[in-house]
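K.L.:
My questions will all concern the structure given below.
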Amino acid sequence: MARIKLDGVKHSYAADPKSPADWALKEVNLDCQDGGAYALLGPSGCGKTTLLNLISGLLTPTRGRILFDDRDVSHATPEDRNIAQVFQFPVIYDTMTVYDNLAFPLRNRRLPAPEIDRRVRDIADMLDLGPSLMNRASGLTADGKQKISLGRGLVRSDVNVIMFDEPLTVIDPHLKWVLRSKLKELHHRVKRTMIYVTHDQTEALTFADQVVVMNNGEVVQIGTPIELFDRPEHTFVGHFIGSPGMNVLPVTKENGGISFLGTPVESIENVRAEALNGGRLEIGVRPEFVSFGTTGIPVEIGKVADAGRFRIVEARHKGQLLKVLVTEGDAIPSVTSHVRFDPTHTHLYSDGWLVK
Amino acid sequence: MNKQVNQKAWFLVLPVVILVAFNAVIPLMTVVNYSVQETFGDNVFTWAGVQWFEQVLNSPRFHDALLRQMLFTGIILAIEIPLGLIIALAMPRKGFWVSVCLVLMALPLLIPWNVVGAMWNIFALPEIGLLGKGLNSLGFDYNYTRQPLTAWFTTVLMDVWHWTSLVVLLCYAGLVSIPDDYYRAAKIDGASAWAVFRFIQLPKLKRVLTIAILLRFMDSFMIYTEVKVLTGGGPGNATTFLSIDLDKIALGQFDLGPAGAMSLIYFLIILLFSWLFYTLMMRNEAQ
């Protein structure tokens, strides 16, 4: 159990990094509380797996320090850091039984046999692996195998952190949900620090207390799922999280206020607008907070997509697309209408970053 | 709806049928033909029944050759398989040296068999060969043309030199196909190098090792050219393996009947061993 702190960590796969493009991970500062559930969320190639491997010790940071409870472990081996990791493709020891697989990390650490037996049975119960404990592990399905890899981490009582590298990739869709809730339940039971890497926002938002959103080797925002939804600090977070993502609309400063292609936007107070000096301006508003009305920004109505309890309407203002979420059963105006933005959920961005 | 029957498709497999007929079926049937007849000059054949088979199976000469053959195959398998595995494990996985190692490993496999025999013949000559003269000047009494033991030593050494590479390349291919995550997981689980070999590498190599053993078994059981050039089966009959003996009977003595019978028995032995071995390995797999 440990608090994990990343202090100015940078990593490059090139031997001699020069240009910014050489860095797979640009300066990351992160503080993970003991016992928390964290998710690293970002598109493929954003550096999240690199960050995970740095924490687990499979990679050594090019710059910066990694601290476990104030102990510098930047150059320590994974074994020394005492971490556990569940990989994208389930890793099991084919020739062993499920029981031996779970006991393997403990046997390597030379624990007494009765102690091993007790823990293995405990964990097997927790993961519902009890009935197949004596079967050969190679005969299990993908989700069973992934449970074993997880079990090998849980079975050690002194693990500092358990890390998951997109663990549900190879699991059937209907079992993904089951395994995801199992993970959440396990976290509540064992109270270990868990770090979960994924590009799937549903997985990240349901699992984690704190989500670390990454893009292009940088941490863009760290926050609770609610914060990420309500106050994205960057337009990237806005459209990466949420389905459909946030409407990001180019705006300009005109007459002391904000105007969207010539139409004044009243949802942004002039105070916020005045504080600005230069920069590319955008406003962000989630489709959930756009509503049709008789006044406001004039739009033409385009395609309507049915998404179960909602319908997603594609509206256009002078050619600029903006999506509107309409609750099922509510009327959708035809041909033309006006839209209004909810002032508390409309944010102003300068060069991509939130203006506070 | 009824399927349309179109027998014309058979013509499409005709080229393969002809090819297989001429390179396998017809030669094999000729051998079968010889094995049940007595052959005289001017292409006169008389029926002999199973006489040749009985003669071959009861001849001490055949028993000795078979025993020598099994001993030889046993020895080279016991050396080449572990040695090949060890070399493959020691080879680098990435970087410049990978291609260097692979080329060096592939070289012996690219040399024609009779050239291998000729090379070792000269290399091991006690008066002028590097190996032969070297061993003698180190104080060993080494003369593979006269002593059965050193003849065996040279033959085994030659085969190990020629074929261990095949085992190495197969094992290496198997090793590099193991995903990195397995090694990472093992590191995290605190596994020792031995445990990594025993529980990850060996199980993942099982299939390629099966193939390697099978190939080396079949090839070494049929070894002919290299031994023919190196020792000619001597000194005496010390290195007269089955194929050399067959050659002596068929082309030395022109006893086509017994040679045909021996060929078929020889073929069946290889088939039986291979089938037995493969079935056992695969049954293990299924469990």
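K.L.:
Away from chain B (no Cβ under 14 Å) and modelled with pLDDT under 85: is that true of residue A:67 in this structure?
P.N.:
no
K.L.:
Sort out which residues of the range A:99-141 are in contact (Cβ under 8 Å) with a residue 40 or more places away in the chain and within 14 Å of chain B (Cβ to nearest Cβ), and write them in order of number.
P.N.:
Correct list: A:101, A:102, A:103, A:104, A:105, A:106, A:109, A:136, A:137, A:138.
K.L.:
With the range A:186-261 as the region, which strands (runs of 3 or more DSSP E) entirely inside it contain at least 2 residues that are at pLDDT below 85 and of a type outside the set (A, V, I, L, M, F, W, C)?
P.N.:
A:252-254, A:257-260
K.L.:
Now for a different question. Tell me which strands (runs of 3 or more DSSP E) are completely within the range A:1-90 and hold 3 or more residues being more than 22 Å from residue A:156 (Cβ to Cβ) and not hydroxyl-bearing (Ser, Thr, Tyr), or say none if there are none.
P.N.:
Ranges flagged: A:4-12, A:23-32, A:37-41, A:63-68.
K.L.:
Given the options B:232, B:257, name the one that is in contact with a strand residue (DSSP E or B) (Cβ under 7 Å, 6 or more places away or on another chain), of a type outside the set (A, V, I, L, M, F, W, C) and more than 14 Å from every other protein chain (Cβ to nearest Cβ).
P.N.:
Just one listed residue meets the conditions, B:257.
K.L.:
For the range A:147-183, which residues satisfy the criterion of being away from chain B (no Cβ under 11 Å), charged (D, E, K, R) and closer than 23 Å to residue B:180 by Cβ?
P.N.:
Within the range A:147-183, A:147, A:166 meet the criteria.
K.L.:
Hey, could you check the range A:303-356 for residues that are part of a strand (DSSP E or B) and of a type in the set (Asp, Glu) and say which is farthest from residue A:285 (Cα to Cα)?
P.N.:
The qualifying residue farthest from residue A:285 (Cα to Cα) is A:306.
K.L.:
Can you pull out the residues in the range B:47-61 that are without any contact (Cβ under 8 Å) to a residue 12 or more places away in the chain and assigned to a helix (DSSP H, G or I)?
P.N.:
Those that are without any contact (Cβ under 8 Å) to a residue 12 or more places away in the chain and assigned to a helix (DSSP H, G or I): B:54, B:58, B:60.
K.L.:
Could you pull out the residue among B:189, B:219 that is in the same structural domain as residue B:147 (by TED's automatic domain parsing), closer than 30 Å to residue A:146 by Cα and in contact with a helix residue (DSSP H, G or I) (Cβ under 9 Å, 6 or more places away or on another chain)?
P.N.:
Just a single option satisfies the conditions, and that option is B:189.
K.L.:
Okay, moving on. Test residue B:128 against the stated conditions and say whether it is aliphatic (A, V, I, L, M), in a loop (DSSP other than H, G, I, E, B) and under 30 Å from residue B:212 (Cβ atoms).
P.N.:
Taking the combined requirement at face value, the residue does not satisfy it.
K.L.:
Please work out which one of (1) within 23 Å of residue A:242 (Cα to Cα); (2) in contact (Cβ under 8 Å) with a residue 40 or more places away in the chain; (3) not in a helix (DSSP H, G or I) is the condition residue A:159 fails and give its number.
P.N.:
Here residue A:159 clears every test but (1).
K.L.:
Within the bounds of the range B:35-42, is there any residue that is more than 22 Å from the chain's Cα centre (by Cα), of a type in the set (Val, Ile, Thr) and not assigned by TED's automatic domain parsing to the domain that holds residue B:173?
P.N.:
Yes, that holds for at least one residue.
K.L.:
For the range A:98-105, does any single residue satisfy the condition of being in a helix (DSSP H, G or I), under 30 Å from residue A:135 (Cβ atoms) and under 19 Å from the mean Cα position of the chain (by Cα)?
P.N.:
no
K.L.:
Kindly state which helices (runs of 4 or more DSSP H) lie completely within the range B:176-287 and contain at least 1 residues that are of a type in the set (Asp, Glu), within 20 Å of the chain's Cα centre (by Cα) and surrounded by 14 or more Cβ atoms within 10 Å (Cβ to Cβ).
P.N.:
Answer list for the range B:176-287: B:202-221, B:225-230, B:242-247.
K.L.:
Separate question: Could you please give the count of residues in the range B:112-168 that are in contact (Cβ under 8 Å) with a residue 24 or more places away in the chain and among the polar types (S, T, N, Q)?
P.N.:
Summing the residues that are in contact (Cβ under 8 Å) with a residue 24 or more places away in the chain and among the polar types (S, T, N, Q) in the range B:112-168 gives 8.
K.L.:
Something else about it: I'm trying to understand the selection: among the residues of the range A:115-147, which are within 17 Å of residue A:87 (Cβ to Cβ) and polar (S, T, N, Q)?
P.N.:
Once the filter is applied, which keeps residues that are within 17 Å of residue A:87 (Cβ to Cβ) and polar (S, T, N, Q), the range A:115-147 yields A:138, A:141, A:146.
The values are calculated or read from the model by the stated rules, or taken from the named source; none is laboratory data. Please read these numbers as outputs of a predicted model, since none were measured by experiment. Here Cβ is always computed from backbone atoms with ideal geometry, including for glycine, and neighbour counts include all displayed protein chains.
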